[in-house]
Amino acid sequence: MSLEFQLTKNYLIWRDYSSPGYIQTLYRFEDNGTLSPDWENGFCLDNIENLASSCKIMQSNNNLYLLGSTVQGEYQLFGITPNQQILFEELPITFDNQSAPDLFVDENIYLAYHNTDLQNIVVEKYNLQGQNIWSKTALTNDFNNGNIPVLFKTSNNSLSVLISPNFRNLRLATLDLDGNLTTPLE
């Protein structure tokens, strides 16, 4: 038996590898630690069309946002509400599978990914309804080893993306929330 989980403030994704297959179940908890009403049996993430596995999760307000790998070999953004409604399934917001994107969510959704065709790191901002607000190149380079960018908020007015093109160097770019680079593009 093999078990794994991911946790946010109010959500728990439980993965069970012991069954004949791979089962991912999402549970929602109230702030006092009790299971939310209608979540006693969890929500089976395997029922989301095209979702193979969840990779990165974040909670904002009461919704859970997750990047998942799809059966088509891409990464896709999904959201799940406390009423078990699936968000963004029909949009779809997808990325190729050569490098997993990173996710940061507050009052907007930010994604960072490696564009392998253009050899750069792109940061995108979406509103909570899934509409793209901007897309900016944050770092350029010729690295091909599938490094995963790390995206994080550095202040109330900026966010940064970090990547290690090799095992000795780190590269960082900082953008304001309008997508303007505040560190020079190398």
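Summary of values
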quantity: Aspartates and glutamates with Cα under 20 Å of residue 153, excluding same-chain neighbours fewer than 8 positions away; calculated: 102, 106, 107, 124, 176, 178
quantity: Per-pair calculated FRET efficiency, R0 = 35 Å: residue 71 and residue 119 via Cβ, rounded to 0.05; calculated: 0.80
quantity: Where region 1-52 is the region considered: accessible area per residue in Å², 1.4 Å probe; calculated: 61 Å²
quantity: Projected label distance in nm at residue 40 and residue 83, using a 7 Å step from Cα toward the beta-carbon; calculated: 2.2 nm
quantity: The chain: most fluctuating residue of 77, 103, 128 per GNM, C-alpha cutoff 10 Å; calculated: 128
quantity: Surface share of carbon and sulfur [accessible, 1.4 angstrom probe, percent] for the chain; calculated: 47 percent
quantity: Those GluC sites (Glu not before Pro) in region 1-83 that DSSP places in a loop and that have at most 13 other beta carbons within 10 Å; calculated: 30, 40, 49
quantity: Choice from 79, 42, 33 showing the highest fluctuation, given a GNM over the chain with Cα pairs closer than 10 Å; calculated: 33
quantity: Pair residue 32, residue 62: separation of 7 Å Cα→Cβ label points (nm); calculated: 1.6 nm
quantity: Estimated FRET transfer efficiency (residue 17, residue 180; beta-carbon r; R0 41 Å; 0.05); calculated: 0.40
quantity: FRET efficiency for residue 156 and residue 91, using Cβ-Cβ distance with R0 set to 25 Å, rounded to 0.05; calculated: 0.35
quantity: Low-density loop positions, trypsin sites (Lys or Arg not before Pro), region 1-98 - DSSP coil, at most 13 other Cβ in 10 Å; calculated: 9
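The values are calculated or read from the model by the stated rules, or taken from the named source; none is laboratory data. Bear in mind the structure is a predicted one, so any value in this text is a computation, not a measurement. Note that we place each Cβ from the backbone using ideal geometry, even for glycine, and neighbour counts take in every protein chain shown. Surface accessibility is based on the protein's heavy atoms, side chains included, excluding ligands, DNA and RNA. Shrake-Rupley method; radii C 1.70, N 1.55, O 1.52, S 1.80 Å.
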